[in-house]
Amino acid sequence: MAQSILAYLAEHPHAMDTAEGIAGWWIMRQQVRVTATTVARVLHQLAERGLLEEVGEGDTRRYRLRR
């Protein structure tokens, strides 16, 4: 959790909040970012294995079962 707080503050050096706000926003935001990064990595691995198909590029890339 300390890493999540410090990572958030590294990105937002002027941020400040209550313990409740930090738990509700900062920590959740960092966890979602980590989760999204992990999901993107796994999706790419599945596509490389031929199980999923990548459609589009960049931020608009979508994934589906390879047909």
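Can you name the residue in region 35-49 that is out of contact with any Leu (no Cβ under 7 Å at 6 or more places or on another chain) and of a type in the set (A, V, I, L, M, F, W, C) and is also surrounded by the most Cβ atoms within 10 Å (Cβ to Cβ) among such residues?
Among them, the one singled out is 47.
Each row is one residue, and each column tells you yes or no for (1) surrounded by 10 or more Cβ atoms within 10 Å (Cβ to Cβ); (2) in contact with a Ser or Thr (Cβ under 7 Å, 6 or more places away or on another chain).
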{"site": "3", "(1), (2)": "no, no"}
{"site": "30", "(1), (2)": "yes, yes"}
{"site": "33", "(1), (2)": "yes, no"}
{"site": "51", "(1), (2)": "yes, no"}
{"site": "58", "(1), (2)": "no, no"}
{"site": "64", "(1), (2)": "yes, no"}
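Would a scan of region 12-21 turn up a residue that is surrounded by 10 or more Cβ atoms within 10 Å (Cβ to Cβ), among the aliphatic types (A, V, I, L, M) and out of contact with any His (no Cβ under 9 Å at 6 or more places or on another chain)?
Within region 12-21, the subset surrounded by 10 or more Cβ atoms within 10 Å (Cβ to Cβ) is 12, 15, 17, 21.
From the residues that got through so far, the ones that are among the aliphatic types (A, V, I, L, M) too are 15.
Now narrow it down to the ones that are out of contact with any His (no Cβ under 9 Å at 6 or more places or on another chain): 15.
Within region 12-21, one or more residues are surrounded by 10 or more Cβ atoms within 10 Å (Cβ to Cβ), among the aliphatic types (A, V, I, L, M) and out of contact with any His (no Cβ under 9 Å at 6 or more places or on another chain).
Mind listing whichever residues of region 32-60 are in a helix (DSSP H, G or I), of a type outside the set (A, V, I, L, M) and either closer than 30 Å to residue 7 by Cα or touching a residue at least 24 places away in the same chain (Cβ under 8 Å) (or both)? Before the answer, list the steps.
First pass over region 32-60, keeping only residues in a helix (DSSP H, G or I): 32-48, 58-60.
Those still in the list that are of a type outside the set (A, V, I, L, M) too: 33, 35, 37-38, 41, 44-45, 48, 58-60.
Residues satisfying the conditions are 33, 35, 37, 38, 41, 44, 45, 58, 59, 60.
Which one of these is at pLDDT 90 or above, small (Gly, Ala, Ser) and touching a Phe, Trp or Tyr at 6+ places or on another chain (Cβ under 8 Å): 10, 19, 23, 47? If you could, list the steps in order and put the result at the bottom.
On the way: 10 fails: touching a Phe, Trp or Tyr at 6+ places or on another chain (Cβ under 8 Å); 19 fails: touching a Phe, Trp or Tyr at 6+ places or on another chain (Cβ under 8 Å); 23 fails: touching a Phe, Trp or Tyr at 6+ places or on another chain (Cβ under 8 Å).
Sole residue among the options that is at pLDDT 90 or above, small (Gly, Ala, Ser) and touching a Phe, Trp or Tyr at 6+ places or on another chain (Cβ under 8 Å): 47.
The values are calculated or read from the model by the stated rules, or taken from the named source; none is laboratory data. As the structure is a prediction and not an experimental result, all values here were calculated from the model. Virtual Cβ from ideal backbone geometry, glycine too; neighbours counted across all protein chains shown.
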